[in-house]
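Heads up: the structure comes next, in structure tokens.
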Amino acid sequence: MDHVLHLTCLVCGRTHDPEAVAYVCPDHGNEGILDVGYDYDLIGKRISPATLARNSDPTIWRYKPLLPVAPDSPVPALTVGGTPLYAAPRLAAAIGLSQLWVKDEGREPSASFKDRASAIALVRAQAQGAAVITTASTGNAAAALAGLCASVAQENVIFVPAAAAPAKIAQLLAYGSRVVLVQGSYDQAFELCLQAAAEYGWYNRNTAFNPYMTEGKKTASYEICEQLRWNAPDAVFVGVGDGCIIGGLHKGFRDLLELGWIDHIPRLYGVQALGSSFLLQAWESGEDVLTKAPAPAETIADSISAGLPRDRIKAMAAVRDTGGAFIGVSDDEILAAIPALARGSGVFAEPAAAAAWAGCIKAAERGLVSGAERVVVVSTGSGLKDVASARRAVAASGPEPLTVAPDIDALRAVMAVRRPGAEKRASLGNFQ
Ligand SMILES: *Cc1c(COP(=O)(O)O)cnc(C)c1O
Ligand SMILES: [Zn+2]
């Protein structure tokens, strides 16, 4: 891995040898989040837009020379990455824009963005001969790790809050993981998992603690730019909990700028639920994220519920350094965004993913994005992850289903009744 130069502590700025330091800065404990530094001259000799154009591998491994894995390391067969970037002209028009795309991460093997990071964890853990891999998660990082481990029969132990979404727990059990349901919050499950990893010597995939998770998540930025023919967008919206995804997106764009493959970095907009808004609060008050006390974390968008965002340093830098912003949205706005995104683009999102669209609407209202700007909304996870929330959302938005006996006369009778609003709702193409 001659292309990985060093790990830089984001607290003290000291650089460490990647062979000597596994996770965090030895001088700064769990807060000492590290950033992976690369030899871009070397990488630029090994990969280019031209070589990529000839590469038929659609997965994240097409970018292997840019990833912290050895060139000859075996990779899992599941197709991580290569998700669609859909043009969404009706969504764009609804908020006064002309160019908007939705990146559908619900199409990952375990149905969320987290597969990008867990794939890197798996490859690195296996390269080290790890017997067990562990993570704490609100559900999706766990499902991602569980699925990737199942694909290669790798033992793993997962810590999730006992209140995690049932679909996510079912996924873990189906994949055969050892599942620990923690009677507490995600933040508590995280602390317990860190202690367990240290005690039992397990490979630790935990977000932010493991600096390489950012490196998996950055591949979404590579894909977005490649899908837009290396013409980077102007603004990107994404739901933010721990901040690893937005930090990863930032890293990906920085890599591409460093390589000279794009000519600017998009403004990054981090969308937080108002009920779990540590980063939004710090953004508005100017508080130091390292000393700010944990904030309450209570939102329907479980995947972005984090009282103490673990990757807060990278998340803050992503927004600040790109001229973006943090945006807060209410649970009602998040729920309303589920059918709005689904009807406007065909992409069915879980609440944390739909939050990105809710935030984009707000940003347009405030004039943060406008006109011919090119905007990407990252839908980070599938709506099938949380069917209960989707049902709540459609109960509020309508239309209600028609219930009929299985015969045509019964159907005719129901169809003949004029329900309030039925005409508008039924007219095709008028679903906004
Ligand atoms: C994890 C997750 C997020 C937020 O990512 P962070 O790195 O925690 O900020 C958003 N949406 C979904 C669906 C997720 O699973
Ligand atoms: Zn340090």
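Only the coordinates and a few stated rules stand behind these numbers; no lab work does. The structure displayed is predicted, hence computed values, not measured ones. Here the Cβ is made from the backbone with ideal geometry for all residues, glycine too, and neighbour counts use every protein chain on show.
Note the full-extension length gain between R366 and A396 as 0.36 nm times their separation in residues minus their Cα-Cα distance, in nm to one decimal.
8.3 nm
Highest mean first, how do 189-197, 124-132, 137-145 rank when packing is the count of other Cβ atoms within 10 Å averaged over residues?
The most tightly packed comes first, giving 137-145, 189-197, 124-132.
Straight distance only, please: which lysines reach the Cα of K292 with their own Cα at less than 21 Å, same-chain residues fewer than 8 apart left out?
Here the lysines satisfying the reach criterion relative to K292 are K314.
Once you have the Cα-Cα distance between T291 and N30, take 0.36 nm times their residue separation minus that, and quote the gain in nm to one decimal.
Contour length minus Cα-Cα distance gives 92.6 nm.
Quick one: order T134, T291 by neighbouring beta-carbon count within 10 Å, fewest to most.
Least to most surrounded, the residues fall as T291, T134.
Fewest to most neighbouring Cβ within 10 Å: what's the order for R62, R46?
R46, R62
Just add up the charged neighbours of I158: K/R +1, D/E -1, any other residue whose Cβ is under 13 Å from the Cβ of I158.
It works out to a net charge of +3.
In the range 368-403, whose amide N lies under 18 Å from the spot 7 Å out along Cα-to-Cβ of V417? List them in ranges.
Counting backbone N atoms under 18 Å from the label point, the list is 398-403.
Between E226, E400, E298, find the one with the highest GNM mean-square fluctuation for the chain; connect C-alpha pairs within less than 10 Å.
Highest fluctuation among the options: E400.
Using a simple spin-label model with points 7 Å from Cα along the Cα→Cβ vector, what separation in nm is obtained for L274 and D72?
5.8
At R0 = 45 Å, how high is the FRET efficiency between W230 and A410 if r is their beta carbon distance? Nearest 0.05 is fine.
0.20
Calculate the FRET efficiency for A131 and L42 from the Cβ-Cβ distance with a Förster distance of 30 Å, rounded to the nearest 0.05.
0.35
With angles folded into 0 to 90 degrees, how steeply does helix 331-345 sit against the dominant principal axis of the chain? Use alpha carbons for both and round to 10.
Long axis of 331-345 versus the principal axis of the chain: about 80 degrees.
Could you line up K114, K251 from fewest to most neighbouring Cβ atoms inside 10 Å?
Arranged by neighbour count, lowest to highest, K114, K251 become K251, K114.
Going Cα to Cα from K217, which aspartates and glutamates come in below 12 Å? Please leave out same-chain ones fewer than 8 positions away.
E105, D115
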